[in-house]
Each structure stands twice: as structure tokens, then as C-alpha cells.
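Novice: I'd like to ask you about the structure that follows.
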Amino acid sequence: MLELGKAGSAGVEKRVLPVLRNGVVVATLRAPGWKEAATAVVGDREWVLAKQKRRLTGRWASEPEDAVRISAEQTSFWRGTWQVDLEGLPVRAEVVSRWKGGHRYLAGDRVVAETGTTGGWSPRPTLTADDTLPLDHQVFLLWLALVMSRRDQAAATAAIAGGAAAAGGS
């Protein structure tokens, strides 16, 4: 299982999130604030993860800006479904539980990964993946889980603020 650690922990720089497997750093993610962009380092390869129009994409840092190796696009806001392309492997993401959150990633009928969260006051994304899924792809799916959780937080905050404004606006 991969877990997104706290920024600056596990011996990584400030503002860098360690990607941990059994407490050992296997990759890093630099994902500033609320931007839907990040830089991931997996082994000796650097990935640029970004939002391009409605798609979240990933390319090697050494490639041109319009290159896309991996991508994800939300297919239904209401159902929480996504279509993901992992370098030619089409994967469908669906919500595991409305109450607990998390997504299940399916290649055909086979589950290749599932996201969850750590417990506690500031839950962080986790990813349990099939051993056949390359680490680069697992890190992308973990970043996707981070983006989804940030979107959910923003929507919840907006709903609370909207409700408070409506209640006080008499």
C-alpha cells in the first residue's frame, strides 16, 4: 500500500510530500496549495502532472509541454466516475463508498487499484494496487486521489459558506 505522507516528513524537503510504502519513501510529490498541478519524482524520472482543460495529465519533465503519457478525465460529477489512461491501459474509476469515499480502478472487470485514506484529523490518501501496475502509474493515481479530496473539501467548504450566508441573509 502507498500512503501520501505529511509534507516535510520522512526526510524530504519542506513542502514536499513523501510517497511511502511500509514507511519507506518510494517517490516524492510537490503539489503546491490548491493548484491541480504537481511534480512527482519516481526513481530517477521526474513527472509533470497538470490540469489541461478538463483533463488531468502526466508527462515526463523532459518531454514537450503538449505530450501526454497518462491522463484522467471525470466522466460523471454526480456518480464520481473517471476515465483514466495509464500509457495505453484504459482504467475506469468508480466510487467505492459514498460514506467512506475512495475509488476503485478497474481495467475491464479486474480491480487494479483502490484508494482510501489514513485515519485521524487530517486524513491523507492511500492506494492499494495490483503488483502489475507500475509505480509511476500508482503515484499518478495517488495524486489523482489527492486532487479529488481537495475538490471534495472545496465543495464542502463552499456549501457550508453558502448555507451560512443564506441563513444570515434575512
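The values are calculated or read from the model by the stated rules, or taken from the named source; none is laboratory data. Note that the structure is a prediction, hence the values are computed from the model and not measured. All Cβ positions, glycine included, derive from the backbone under ideal geometry; neighbour counts span all protein chains shown.
Novice: Across the range 1-23, what is the number of residues that are hydrophobic (A, V, I, L, M, F, W, C), over 14 Å from Gln138 (Cα atoms) and part of a loop (DSSP other than H, G, I, E, B)?
Specialist: The total comes to 4.
Novice: If you take just the strands (runs of 3 or more DSSP E) that sit entirely in the range 79-161, which of them hold at least 1 residues that are acidic (Asp, Glu)?
Specialist: The strands (runs of 3 or more DSSP E) meeting that bar are 81-86, 89-95, 110-117.
Listed here are the residues, each with its yes/no results for (1) over 17 Å from the mean Cα position of the chain (by Cα); (2) modelled with pLDDT under 85; (3) over 16 Å from Leu2 (Cβ atoms).
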position	(1), (2), (3)
Arg92	no, no, yes
Gly101	no, yes, yes
Val112	no, no, no
Gly120	yes, yes, yes
Thr128	no, no, no
Leu133	no, no, no
Arg151	no, yes, yes
Gly162	yes, yes, yes
Ala165	yes, yes, yes
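Novice: Answer yes or no: is there a residue in the range 40-53 that is under 17 Å from Ser149 (Cβ atoms), modelled with pLDDT under 95, surrounded by 15 or more Cβ atoms within 10 Å (Cβ to Cβ) and not small (Gly, Ala, Ser).
Specialist: no
Novice: Tell me which residues, restricted to the range 63-101, are hydroxyl-bearing (Ser, Thr, Tyr) and in contact with a strand residue (DSSP E or B) (Cβ under 8 Å, 6 or more places away or on another chain).
Specialist: Ser71, Thr75, Thr81
Novice: Under the condition of being surrounded by fewer than 20 Cβ atoms within 10 Å (Cβ to Cβ) and hydroxyl-bearing (Ser, Thr, Tyr), which residue from the range 102-157 is farthest from Arg79 (Cα to Cα)?
Specialist: Filtering first and then ranking leaves Thr132.
Novice: Next question, about the same structure. What do you reckon, is Trp60 modelled with pLDDT of 95 or more, surrounded by fewer than 15 Cβ atoms within 10 Å (Cβ to Cβ) and of a type in the set (A, V, I, L, M, F, W, C)?
Specialist: Judged against the criteria, Trp60 is a match.
Novice: Can I ask one more? List every residue pair whose Cβ atoms sit under 6 Å apart, with the two residues 6 or more apart in sequence or on different chains, where the first one lies in the range 74-90 and is within 18 Å of Val111 (Cα to Cα) and the second, anywhere, is surrounded by 13 or more Cβ atoms within 10 Å (Cβ to Cβ) and among the charged types (D, E, K, R).
Specialist: Thr81/Glu94; Gln83/Glu73; Glu87/Arg69
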